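Reviewing the structure listed below.
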Amino acid sequence: MRPRRPMRFGIQFKLVVGLLLIAIVPLLVSALLVDQIGEVAQNFASNEADRLRPPLVKAERAYRELVAARKAAYREAGRRIAGRLRGLPLWTPEVDVAAAQRELGRLLAQEEVARAVVTRADGTIVAQAVSDLLPGQPTGRWRDFTVVEPLVDGLRLELTFVARVDFLDDLEELGYVLAERRDVDAFRRGLPRSYRTAFLLLVGGVVVVVTAASLVLARRITRRVEQLAAGTREVARGNLAARVDVPGRDELGELSDAFNRMVEQLEQHRAQIGHLQKMSAWQDVARRLAHEIKNPLTPIQLAVQQVVSSYRGNDERYAAMLRDMQEIVEEEIAGLRRLVDAFRSLSRLPRAQPEPLDVAVVVADLAREPEFTDRLAVTPPADAVTVRGDRLLLRRLLANLVENAVHAAPDGRVYLAWERDGDVARVYVDDEGPGVPPDRRDAIFEPYITSKEHGTGLGLAIAKKIALDHGGDLALAPEPAPAGGARFVVTLPVAAPA
Ligand SMILES: Nc1ncnc2c1ncn2[C@@H]1O[C@H](COP(=O)(O)OP(=O)(O)OP(=O)(O)O)[C@@H](O)[C@H]1O
Ligand SMILES: [Mg+2]
């Protein structure tokens with residue numbers, strides 16, 4: 001027995017690992033690729049953003065500078081206008097309201113002024129002019145800009161300038177865009193993390209599902225392999241009756257079928273070899289016995305004859321006893337001679353010399369024997385069947401079978417038929433007798449098993465040996481013959497097609 005292998009990586013383990021690799025590797029590769037693509041896209045996007053940011057920032061700065069410049073310009077304009085108004089003779093001693101009003105009105109027309117008001121120190125209005133632009137204007141942080149300048153005697157001039165609204169809106173939008181950009185950047189930095197989490201979950205799920213599935217699959221396979229292994233161990237132990245039943249139409253199923261066929265053939269061959277060995281031993285014994293028994297038979301017979309014939313007395317009773325004795329001795333000697341003949345023919349069974357031979361030729365030989373001529377019903381097949389056979393031995397084989405058939409049904413017929421089935425020919429010998437009792441099916445092929453008074457029990461044993469010597473076999477069919485009795489089947493190899 002070979003030592004057990006120290007470490008065992010079972011099919012189960014290999015299958016699980018293999019399937020996991022198959023499932024995970026493409027996932028990892030694609031994840032890596034997607035990661036790479038994501039990175040490239042992100043780089044591209046942030047490059048774009050980086051490229052855009054400076055001009056945007058510059059534009060915003062320009063906008064702020066513009067606003068500041070505008071405010072400075074408005075302040076300057078306020079000072080200039082106030083200086084001019086101060087020089088007009090409108091304020092002392094009394095304010096000439098009507099003239100002042102006119103001057104203020106002119107400001108609306110000439111300058112970018114939407115509202116001009118002159119107030120006293122306490123805030124009361126002395127004179128004012130309001131452009132129809134102003135009341136409907138939306139007011140923003142700086143869209144309207146008011147400048148306050150002193151006039152004379154505590155009077156103050158308030159000027160409200162208005163900037164172009166659409167221009168301001170453009171600049172404001174620029175601010176929004178910059179803010180939005182910052183939001184998008186933050187979001188994009190957060191994206192890869194959530195994508196990786198989802199991928200890890202996916203891989204985990206795949207690992208669980210694949211492991212479970214491959215375990216189930218592997219268990220199915222290993223269970224069946226284990227069955228085959230158990231069958232092999234049985235056979236190795238010598239139990240040729242062992243068979244495996246592995247379900248499934250795959251290779252393992254085929255393997256189990258092949259295994260069963262192989263064991264069946266092994267069993268058959270073992271039985272055949274057993275039969276041939278047994279027959280060879282019997283032939284040995286038969287040769288010696290035939291020799292030992294045959295030699296003294298004639299002297300015994302002669303001595304008894306001499307005793308009987310040399311009696312000259314007239315004791316009738318004694319003479320009768322002598323005749324009885326002679327009869328018994330002659331009868332027993334005849335029986336012994338039959339046995340010796342059987343033993344001799346068994347021990348001298350010639351070697352088979354097979355040659356291409358039409359089965360019909362052997363059957364015709366048989367039909368010519370006077371004791372069989374009227375008993376045989378022969379059904380030849382449509383096409384001749386040529387076997388590799390020894391004409392004399394095959395005739396003897398069939399003669400033994402037909403003889404048994406005649407014994408089984410003394411008034412019945414014996415049916416002979418044959419056919420070719422692939423590489424073998426089958427010859428059927430059927431009778432109309434009672435058949436073979438099930439418990440004697442195997443025993444009848446053993447030498448010296450007989451149910452007949454004058455039988456030797458060698459007929460079937462010799463027939464089987466002849467069949468085996470031809471590379472064929474002889475068997476009793478499991479079912480009765482169509483004629484109702486026993487059916488014996490001779491299997492012979494067909495001659496190689498010429
Ligand atoms: N066709 C048959 N129908 C029924 N039983 C049979 C048939 N052929 C053989 N047997 C049984 O098988 C036994 C063995 O047969 P086998 O030919 O070996 O020996 P035998 O016929 O008894 O003796 P021998 O062949 O010397 O006359 C027979 O005694 C008989 O009981
Ligand atoms: Mg016989």
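The values are calculated or read from the model by the stated rules, or taken from the named source; none is laboratory data. Note that the structure is predicted; figures quoted are calculated from it, not measured. FYI the Cβ positions are ideal-geometry reconstructions off the backbone, even for glycines, and counts take in every protein chain you see. Side chains are part of the model used for accessible areas, which takes the heavy atoms of the whole protein and leaves out ligands, DNA and RNA. Shrake-Rupley method; radii C 1.70, N 1.55, O 1.52, S 1.80 Å.
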Counting lysine pairs in the chain that sit 8 or more positions apart or on different chains, with Cα atoms under 23 Å apart, gives 7
With 0.36 nm assigned to each residue of separation and the Cα-Cα distance removed, V216 to Q268 gains 14.9 nm
Distance in Å, no decimals, from the C-alpha centre of region 39-76 to the one of region 214-287 is 90
With +1 on the Cβ of every Lys and Arg and -1 on the Cβ of every Asp and Glu, the dipole magnitude of the chain about its Cα centre, in debye rounded to the nearest 20, is 2220
Per the 1/(1 + (r/R0)^6) rule, R0 = 41 Å and r from the Cβ atoms of D439 and E331, FRET efficiency to 0.05 is 0.80
Ignoring ligands and nucleic acids, H269 exposes an accessible area, probe 1.4 Å, in Å² to the nearest 10, of 90
In the chain, taking the dipole from +1 charges on Lys and Arg beta carbons and -1 charges on Asp and Glu beta carbons about the Cα centre, the listed residue (V436, A495, N404) farthest towards the positive end is A495
One would report the antiparallel percent of DSSP beta bridges in the chain, rounded to the nearest 5, as 90
With all protein chains in place and a 1.4 Å probe, R156 shows an accessible area in Å² (nearest 10) of 90
About its Cα centre, region 355-493 carries a charge dipole, from +1 on Lys and Arg Cβ atoms and -1 on Asp and Glu Cβ atoms, whose size in debye to the nearest 20 is 160
Measuring from its Cα centre, region 251-347 shows a charge dipole (+1 at each Lys and Arg Cβ, -1 at each Asp and Glu Cβ) which, in debye to the nearest 20, is 540
Between the modelled labels at R323 and R120 (7 Å from Cα along Cα→Cβ) the distance in nm is 19.7
Hits in region 19-55: amide N under 20 Å from the 7 Å Cα→Cβ extension of V208, namely 19-25, 27-28
Quick calc, S310 & A281: beta-carbon distance into FRET formula, R0 35 Å, rounding 0.05, result 0.20
Heavy-atom accessible area with a 1.4 angstrom probe orders Y318, Y74, most exposed first, as Y318, Y74
Projecting the Cα atoms of V118, G457, M279 onto the charge dipole of the chain, where Lys and Arg contribute +1 and Asp and Glu -1 at Cβ, the residue farthest towards the positive end is V118
Probe 1.4 Å, heavy atoms of protein chains only: per residue, the accessible area of the chain in Å² is 63
Two pseudo-spin positions, 7 Å from Cα along C-beta at R233 and at V17, lie apart in nanometres by 2.5
One would report the Cα pair-distance distribution of region 251-347, bin width 5 Å, in %, as 3, 11, 13, 11, 9, 8, 7, 7, 6, 5, 4, 4, 3, 3, 2, 2, 1, 0, 0
One can check that the equivalent ellipsoid of the chain, built from the alpha-carbon gyration tensor with semi-axes equal to the square roots of five times its eigenvalues, has lengths in Å, largest first, of 139, 22, 18
Given the candidates G484, G10, Q301, the one whose Cα lies deepest towards the positive end of the charge dipole of the chain, counting +1 at each Lys or Arg C-beta and -1 at each Asp or Glu C-beta, is G10
FRET efficiency for A68 and R181 from the Cβ-Cβ distance with R0 = 22 Å, rounded to 0.05, comes out at 0.35
With label points set 7 Å from each Cα along the Cα-to-Cβ direction at A384 and R223, the distance between them in nm comes to 5.8
Quick note, region 415-498: a/c under 1.5 would make it rounded; otherwise a/b > b/c is prolate and the rest oblate (a ≥ b ≥ c, C-alpha gyration tensor); here it is oblate
Rounded to a whole %, the carbon-and-sulfur portion of the accessible area of the chain at a 1.4 Å probe is 57
